[in-house]
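Some notes on the structure that comes next.
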Amino acid sequence: MTGSDDGGFGTVGEAAGHGGGWLATAISAVAFMFSGVSFYMSALQQADLAVYVPPVLQYARDSGGEVDVFAIPVTIANNGANTGAVLAMELVVENRKAGADPSRKTFYAAFVGEHPREAEAVHKAFAPIAVPGRATFSETIRFFPRDNPLPKIVQEAGEYKFTLSLVLAAPSEPSWLDRVTAPSTPSPLVFERTVPYISEQHLAFRRGTMAMHAKDWKPTVSGGR
């Protein structure tokens, strides 16, 4: 009877031992999984850029009033772990009025900073932007026509549609790690702004700016894809 009792205790002990082993293995697996997720989020996660523009941008003219200029405050937020590099920005502007000529023009990021009131002011050229992980970049970008500036896209008051796109840096022959950490390109940011009136004297002779605003006075954001 004693032997039978010892055998029973032995069976229960073995079962408990096996159960403890499986529990320890499960805990280790969960800890390893969380460690891997933490490492990915802190070191491997690709750059994830989102672009924000406020409800108001400034319209100006250069070269004696012959060249359209759009000064747009831009914020780029990187929600990923790796640095994202913006090599260039492209802006397409469309005149929403039926029969407008031209109805569409393409602009490039030419300078950084507000539109200067003095024609002799030194211009700070746009340079590629590196946005570290979990960081933001904010600056006013001035866009100039990419091709022939004439005729101007903004000739009168009205509604205009903007499409802002980013060109990101990417290796020409990416490795498997490059593919994992490559930044996701934000979707083009599409928004509309209205200019209530045009003052040729203010724009051309005073080198002033005119505010173009969103109808609802709300900012616009583009997320990564």
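The values are calculated or read from the model by the stated rules, or taken from the named source; none is laboratory data. The structure presented is a predicted model; accordingly, all values stated were derived computationally and were not measured. Note: ideal-geometry Cβ built from the backbone for every residue, glycine included; neighbour counts use all protein chains shown. All accessible areas refer to the heavy atoms of the entire protein, side chains included, with ligands and DNA or RNA removed. Shrake-Rupley method; radii C 1.70, N 1.55, O 1.52, S 1.80 Å.
Computed in the context of the full set of protein chains, the accessible area of the range 48-192 at 1.4 Å probe radius has 51% of its extent on carbon or sulfur. Placing R0 at 41 angstrom, the Cβ-Cβ distance between V190 and R117 gives a FRET efficiency of 0.85 after rounding to 0.05. Please list, in chain and number order, the residues 5+ apart from R146 or on another chain whose amide H is under 5 Å from its amide H, with Hs placed from the backbone. Here the answer is T106, F107, Y108, since their amide H atoms fall under 5 Å of that of R146. Computing FRET efficiency as 1/(1 + (r/R0)^6) for R146 and W217, where r is the C-beta to C-beta distance and R0 is 25 Å, gives about 0.25. Our coupling estimate for the range 92-101, obtained by passing each phi through the Karplus curve with A = 6.51, B = -1.76, C = 1.60 and θ = phi - 60°, is 9, 10, 10, 7, 7, 6, 4, x, 5, 9 Hz, Gly and Pro reported as x. Each label was represented as a point 7 Å from its Cα along the Cα-to-Cβ direction; for Y52 and E159 these points are 2.6 nm apart.
When peptides 65-77, 158-170, 198-210 are ranked by their average number of other Cβ atoms within 10 Å per residue, the highest-first order is 65-77, 158-170, 198-210.
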